[in-house]
Amino acid sequence: MDLDFAQHLNAEQLRAVTADDGPVLVIAAAGTGKTRTLTHRVAWLVLEREVDPRRILLLTFTNRAAAEMLARADRLVGGHVGGLWGGTFHHAANRMLRRHAALLGYGPDYTILDEDDATRLLKACVAELGLKDKKFPKPPVLAGVFGLAANRDVPVEETAKARFASHAVDVDGVLKVHALYGQRKRALNAMDFDDLLVNGLRLLREHEPVLASYQERMLHVLVDEYQDTNKLQSDFVDLIAARHRNLLAVGDDFQSIYSWRGAEVKNILSFRARYPDAQIFKLEENYRSVPDILEVANQIIAGNPEQYQKVLRATRPAAVKPILAKLADGGHQARYVVEKVRRLLESGEVPPGQIAVLYRSHYHSMELQMELARARLDYVLMSGVRFFEQAHVKDVCTLPRLVANPADSLAFARLVEMFPKVGPRKAQNLWKDLGEHLNLRDAAKRAQLAELLPADARSSWQAIEEKLFPTDANDGAVLDRPDELVFRFLEAFYNEFAEDTYENARQRLEDIEELMAFSARYKNTAEFLSEMALLTNLEAEINRNKGQPADAIRLTTIHQAKGLEWQAVIVLWLVDGMFPAARSLEEAADEAEERRLFYVAVTRAKDYLWLCVPRLRKARDGGVMMCAPSRFIDEIDPGLLQIDKAGGFAATPPRWTRWP
Ligand code: ATP
Ligand code: MG
């Protein structure tokens, strides 16, 4: 089959695609066709050079990205890229480890611990070592430290000391947890995500014949988003490519946004030093965005002084200017976004799947998720957990669920397992003893539960019961007001529980406040729950039916939006302290990374871009505070933006009022 490569590519892209064997680096800014070059290189190798696809290794940032690229390459060559190894570093390492696990002392059927499993195991280790002190770092924090150490390939001690420099944390304890966690994983024949990389590399380093076989096999190694590789990953690539030296890396130092997870931009900057004979290609024409959006992107990144400056030239004709939306607060922002999305959809010009809302941190999306739910607009969440599926939201919905359905054993188990000394088995027995039924309106039944619970748990339950039924009148009217029900549950029990359980308890409690406001709109508990269940299942339903992403708008953190593009992009919460994030304002290097993140956000947009700047946000103490617009907004020439004061919208009305 003939493919006219010159027709699909510009001259520089074509040169990179058809380059001779040997190391190749394509370093270029966003939207210049790096990924497209990579895809065409695969097609070129298979079609023109008749390389067996099984001898090509394509490393991408997500497995989805690999699947998409392979599908595209497959279309280009008319089938037959089958057998090509494509996916993330974790994916490739896992594939090798499955074959050779025994060499490292694992069984071939080792399990992979997901984040949740890993956190649970860590929690058990902390408890076993008797370190469960209020000041001792919580499991997710520990996981972060261990992960960073693994990915940077430095000792845990060093990482822990740096991370906890300003806290009085028992670093010895942290090391003990790390050791025990390692033993436990071994005993379970399990690896967490970081172990996949660490062990994958060990496999190659310590077992010469294995290394030799992969080096021989992988005639070509191609890597996308190279700027975000960490030490383990670049070593992995260097090792595998060492024999044939056919390594094609593409990346953009402007878009290096994972240093917090150990990524090292120096991997791309020192490529030439490691491969002195490398051919280097630079792409400068941007095919993605309209000129005004590009102009904004160029200005943003110019604010980062210490970098190899490159410009983006637009190839597309001029269109509408990016919009700076000045909004009252988070609620206003959510309504504004819903309104804009509606208008885009009504125009018929932009399909739902071509609209993306991006944000710095997952929690920035919560108010919008609620507003979309109210507006009955479905959305696909590309990162993080959907609002209604978060642990704390499920926790506080246990009582409403039992009210609506006294036979809901799952809600019951979730409720009592929050109490001290009640685990899954105990919960099961309690449920049996209760006759698999707990009608909260029935005082005798409530008393029976109290009777059955162990002492500590009983006081938790009794505190809740007292709040729900302060007088003995047993009227149960509160049970029909989901917002009030949740509020009293918080006061009696959950506020304290959350503080003890979650590192970001304040955040989670804010979500719950949001949930109460949402639930207050429903006539009764049952109606609220059925609406919620519907919203929770919507996406799963659509995905199940079509086996592909739903045609709905996308919500995602910027980190997860890397490499992707949409016709319309809306960026939320551009205020100092949120974007850039407060933590990053202390160090210049971190601020520079935040700026790159903003650059990534803006360069995802093809045609339309909104930058949202609310003036008020909720403060940690529950009040509100004024916010300063993001410093990054100030760096953009105001003439490049259209200001939308969004005057047609009122600030958010009071959220919800206490029941008289
Ligand atoms: P990012 O840095 O965001 O990952 P990228 O450099 O990988 O971007 P691509 O995603 O490959 O850029 O390309 C951006 C868009 O421009 C895509 O829609 C792509 O199909 C299009 N494009 C790239 N090169 C050309 C070209 N020569 N002719 C037409 N369209 C092109
Ligand atoms: Mg790309």
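Just the accessible area for residue 643, please: 1.4 Å probe, Å², rounded to the nearest 10? Estimated to the nearest 10 Å², residue 643 gives 90 Å². The stretch between residue 439 and residue 583, if pulled fully straight at 0.36 nm per residue, gains 47.2 nm over its current Cα-Cα span.
Taking all protein chains into account, the per residue accessible area for the chain stands at 44 Å² (1.4 Å probe).
Full extension of the segment from residue 456 to residue 3, taken as 0.36 nm per residue of separation minus the current Cα-Cα distance, would add 155.8 nm. Qualifying GluC sites (Glu not before Pro) in the stretch 30-134, where qualification requires a DSSP coil assignment and no more than 11 other C-beta atoms within 10 Å, comprise 50. Each of residue 521 and residue 274 was given a label point 7 Å from its Cα along the Cα-to-Cβ line. The distance between the two points is 5.1 nm. For the chain, DSSP calls about 10 percent of its internal beta bridges antiparallel. Taking Cα atoms only, the orientation of helix 291-302 departs from the longest principal axis of the chain by about 90 degrees.
Note on the stretch 114-188: percent of Cα-Cα distances in each 10 Å bin, starting at 0 and stopping at the bin with the largest distance, equals 20, 58, 22, 1. Full extension of the chain between residue 75 and residue 429 yields a length gain of 121.7 nm, computed as 0.36 nm times the residue separation minus the alpha carbon distance.
Counting Lys and Arg as +1 and Asp and Glu as -1 over every other residue whose Cβ lies under 13 Å from the Cβ of residue 630, the net charge comes to +1.
Counting only protein heavy atoms and a probe of 1.4 Å, the accessible surface of the stretch 391-531 is 45% carbon and sulfur.
For a paramagnetic label modelled at 7 Å from the Cα of residue 391 toward its Cβ, which residues of the stretch 131-151 fall within the zone defined by backbone nitrogen distances under 13 Å? Label zone hits: 138-143.
The calculated FRET efficiency for the pair residue 213 and residue 175, based on their C-beta separation and a Förster distance of 35 Å, comes to about 0.45. With R₀ set to 45 Å, the beta-carbon distance separating residue 491 from residue 346 gives a calculated FRET efficiency near 0.55. Which shape class applies to the stretch 167-263: rounded if a/c is under 1.5, otherwise prolate when a/b exceeds b/c and oblate if not, where a ≥ b ≥ c are the square roots of the Cα gyration tensor eigenvalues? It is oblate, given that a/c is not under 1.5 and a/b is not larger than b/c. Electrostatic tally near residue 219: other residues with Cβ closer than 15 Å to its Cβ, Lys and Arg +1, Asp and Glu -1, net +1. Model label points for residue 10 and residue 407, set 7 angstrom from Cα along the Cα-to-Cβ axis, are 6.6 nm apart. The alpha carbon gyration tensor of the stretch 151-204 gives principal lengths a ≥ b ≥ c with a/c of 1.5 or higher and a/b no greater than b/c, which makes the shape oblate.
Which distance in Å, rounded to a whole number, links the C-alpha centroids of the stretch 305-357 and the stretch 360-393? Value for the Cα centre distance between the two parts: 19 Å. Taking only the C-alpha atoms of the chain, the Rg (one decimal) and the largest Cα-Cα distance, Dmax (whole number), read 27.1, 85 Å. Divided by 2.2 N^0.38 Å, where N counts the residues, the Cα radius of gyration of the stretch 424-522 comes to 1.17.
Relative contact order of the chain, taken over Cα pairs closer than 8 Å and 6 or more residues apart, is 17 percent. Global dimensions of the stretch 359-427 from alpha-carbon coordinates: Rg and Dmax equal 15.1, 42 Å. Sorting 503-512, 295-304 by their mean Cβ neighbour count within 10 Å, with the most densely packed peptide first, gives 295-304, 503-512. Classify the stretch 1-84 as rounded, prolate or oblate, taking a ≥ b ≥ c as the square roots of the eigenvalues of its Cα gyration tensor: rounded when a/c is under 1.5, otherwise prolate if a/b is larger than b/c and oblate if not. In terms of gyration-tensor shape, rounded.
Counting only DSSP H runs of at least 4 residues, each contributing -39500 (n - 2.57), and dividing by the residue count of the chain, the helix-based mean residue ellipticity at 222 nm comes to -14500 deg cm²/dmol. Modelled label positions at residue 285 and residue 376, each set 7 Å beyond Cα in the direction of Cβ, lie 4.7 nm from each other.
The values are calculated or read from the model by the stated rules, or taken from the named source; none is laboratory data. Just so it is clear, the model here is predicted, and its values are computed rather than measured. Virtual Cβ from ideal backbone geometry, glycine too; neighbours counted across all protein chains shown. For the accessible areas, the whole protein counts, side chains as well, though only heavy atoms, and no ligand, DNA or RNA atoms are used. Shrake-Rupley method; radii C 1.70, N 1.55, O 1.52, S 1.80 Å.
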